[in-house]
Structures are given as C-alpha cells and as structure tokens.
Amino acid sequence: GLDIAKAEVEVTIRVPSDTTAGRRQQETRTFGTTRRELESLGDWLACWGVTRIGMEATGDYWKPVFFLLESRGFDCHLYNAAQVKALPGRPKTDRADSIWLARITERGSVCSSFVPPEPIRRLRTHTRYRRHLTQARTAEKQRVEKLLEDGHLKLSSIISDIHGVSGRDMLNTLVTGERDPRVLAQLARGTMRGKIKRLEEALDCAFFTGEHAAVLAMMLTTIDHYTTQIDSLTAKIEVLAEPYLHQIRQLDEIDGVGTICAQDIIAEIGTDMTVFPTAAHLVSWAKWSPQVKQSAGKRKGSNATGRGNPYLGAAL
C-alpha cells in the first residue's frame, strides 16, 4: 500500500509470515519521489516478492509512481480517494493510510480505477492540451467582442462569426487605423455583401479610439498564436491516433461526432472495451447515468449524474 504525497511516499508491505502459517508480516518505509528513490522503492518491493500494489489517486502525484512501478512489471491498482478515505475513529496519518491501503489491496475489497495504457496516455496528453488551448482561444475571442462593444462597434449583431474571413479582414483594417465605415463594410464577402448598409451603421467608429485599436491588435495576435499551437497539436494527434483510425471512423459515423470529438473520446476511454464489463458500466463510469436517491417514497436531491471525467463530458 502506497500513500503518496508530493515529496515522499509512505509504503507498507504485507507478505506471508515466515514463522506463523496464515499470518502476515508487515513493514513500513518512506521513500522520496525522485526517479532514483522510486527505483529504490521498486528494488525493495521486488526483494520482498511483492506483486500487487495499491495506491490512492492523489492529484497528479500518483502518476510517476504508478507508471514507473508498472513498467517494472508490478500489478498496480489505483483507488478512488472517496472509496478509501479514513473511517470515523481511525487515526489519520500517512503511515496509517499506507497500512490501510495495503490491507485493501490484499483483500481486493475496492475496485481499481481505469488507467489507460501508455499509447492512449500519450494521445490523451495532446488532446487534453488541445482542448485547453481551444478554450483559451474562445475566451480571447469573447474578449474581442467585449472590446468592440466598449468601442460601440455592433459588428457581432450583423455577423454571426466576427472571426471569419470577412470579419477578420475588418478587424485587421481597424487595427491599421482605418475608420471609414464605408471602406470597412466593403470588405464583406459572399452573401454578407447583402448587409452592406447594416454593416456601415454597425461600423461607426465615433467611439472607437486608438487605445481600443492597440488592445485589439494584441488580442488578435494572441488568437493567431493559439491557432498555430492548436494546428500543431492536431497534426501530432493525427500521427498518434493512426493505430485507432478504424475506431475513429466508427465514432465519426455517429451524428454530431466529428474527427476531433472522436479523437477526444478515444483518448479518454481507449479502445479496449474489455475493461468495462458492460456498456452500462461505461455509461455509469462516464457519469452519464442519473443517480436516483429515494427514501421513504420521496426522491432526495437533484438526481443528477454526478461529476465525471470533464474531458469526456465536454466531448459528449
């Protein structure tokens, strides 16, 4: 049983006793979390003949410990913190927690959490960061719209996407110093040219100052930077996702699911569905199965699905 903190790991082993049949001998040690210390931990466990390891999911601190011991052939199990928390009346120390985790692991009394294999984890690292960058870019685009409203430019009332081809040309021209509404409106393309008169009214720059233009230029540069990063990540993701093209095509056939969404789903649940006993188990794991709480014939609470994987939830 491993109780993991940022700087150290409290480890308790329970193995069959050398002197008394049916009994256990137990020992607890403390190790650091550097690679050298974790290698020493692996050597110590191996010399005792330990085969199964259980640990609590503590932030991201469990990952280097889990991955290194897994690479050395140990049977690693990750437990949900809510399922192994201290019971009332039990002392709460790192040592006591490691002993408790060792007992849980020995008895197999708690189901382990799903940890995807290494190829899926590499894909997941990229897809999750792409989602963060996409959210950051969206937030920056919303700031642009707020800035335009502050400058009394009602462009978003006429154009559904002010960051499309026509809208972006108008914003770039505003940054260069152009303030004539008729010149700005003439940058419209395609069907948007039917809105020339409305665009001229929306692009009245009477309240749009040089300070607005300077900040707008910074925002557009930031948006372009995010776009470049997202495109680079997408190219890398396509390479990492090549072994799963068949599953991605299967997901892409579902209405509302595109290639990017399919990549996100694969990165979160993997492609080996044998880790989920049934389809309903996967739905419940993803927190898309509403919980019914009822007592004395009355429903309690909101009966919501609960908090699940935020990245999978965003994709779905």
(message) Over the Cα atoms of region 130-279, each weighted equally, I'd like the Debye log10 I(q)/I(0) at q = 0.12 Å⁻¹, rounded to two decimals.
(response) -0.65
(request) Note down the nm distance, to one decimal, between modelled labels 7 Å out along Cα→Cβ at GLN26 and at VAL283. (result) 4.2
(request) For region 110-151 and region 242-286, write down the distance between their C-alpha centroids in whole Å. (result) 18
(request) Over 18 Å, how big is the tail of the calculated P(r) for region 201-247, in percent of all Cα pairs? (result) 58
(message) Between HIS152 and SER113, how high is the FRET efficiency from 1/(1 + (r/R0)^6) when r is the Cβ-Cβ distance and R₀ = 45 Å? Nearest 0.05.
(response) 0.30
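Per residue, what volume in Å³ does the Cα convex hull of region 192-284 take up?
Given the Cα convex hull of region 192-284, per-residue volume reads 203 Å³.
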(message) Under 10 °C and 1.306 mPa s, how fast does region 163-217 diffuse according to Stokes-Einstein, given a Kirkwood radius computed over C-alpha pairs? Answer in µm²/s, whole number.
(response) 141
(request) Could you work out how far helix 118-150 tilts from the main Cα principal axis of the chain, as a 0 to 90 degree angle to the nearest 10? (result) 30
(message) Quick check: with the 1.4 Å probe, what order do PHE114, PHE207 take by accessible area, largest first?
(response) PHE207, PHE114
(request) Quick one: pull the percent of accessible area on region 183-316 belonging to carbon and sulfur, 1.4 Å probe, ligands and nucleic acids left out. (result) 55
(request) Could you state the accessible area per residue of the chain in Å², with a 1.4 Å probe and every protein chain left in place? (result) 58
(request) For region 72-169, restrict the atom set to alpha-carbon positions and state the Rg and Dmax in Å. (result) 25.2, 67
(message) Counting each pair of different Cα atoms once, what's the Kirkwood radius of the chain in Å, rounded to one decimal?
(response) 24.4
(message) As a test of the definition: which semi-axes, in Å, follow for region 87-130 when you take the square root of five times each eigenvalue of its alpha carbon gyration tensor? Largest first, please.
(response) 33, 14, 9
(request) Extending each Cα 7 Å along its Cβ direction at ARG299 and VAL183, get the distance between those two points in nm, one decimal. (result) 6.2
(message) How large is the Rg to Rh ratio of region 114-170 when both quantities use alpha carbon positions and Rh follows Kirkwood?
(response) 1.27
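If you roll a 1.4 Å probe over region 70-152 with all protein chains in place, what percent of the accessible area is carbon or sulfur?
Result for region 70-152: 50 percent of the exposed heavy-atom area is carbon or sulfur.
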(request) Give the residue from LEU174, HIS212, SER160 lying farthest towards the positive end of the charge dipole for region 151-220; charges sit on Cβ (+1 for Lys and Arg, -1 for Asp and Glu) and the dipole is referred to the Cα centre. (result) SER160
(request) For region 1-106, count all C-alpha to C-alpha pairs, find those more than 22 Å apart, and express that count as a whole percent of the total. (result) 25
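The values are calculated or read from the model by the stated rules, or taken from the named source; none is laboratory data. Keep in mind the model is a prediction, meaning the values are calculated, not measured. Note: ideal-geometry Cβ built from the backbone for every residue, glycine included; neighbour counts use all protein chains shown. Calculation scope for accessible area: heavy atoms of the full protein, side chains included, ligands and nucleic acids excluded. Shrake-Rupley method; radii C 1.70, N 1.55, O 1.52, S 1.80 Å.
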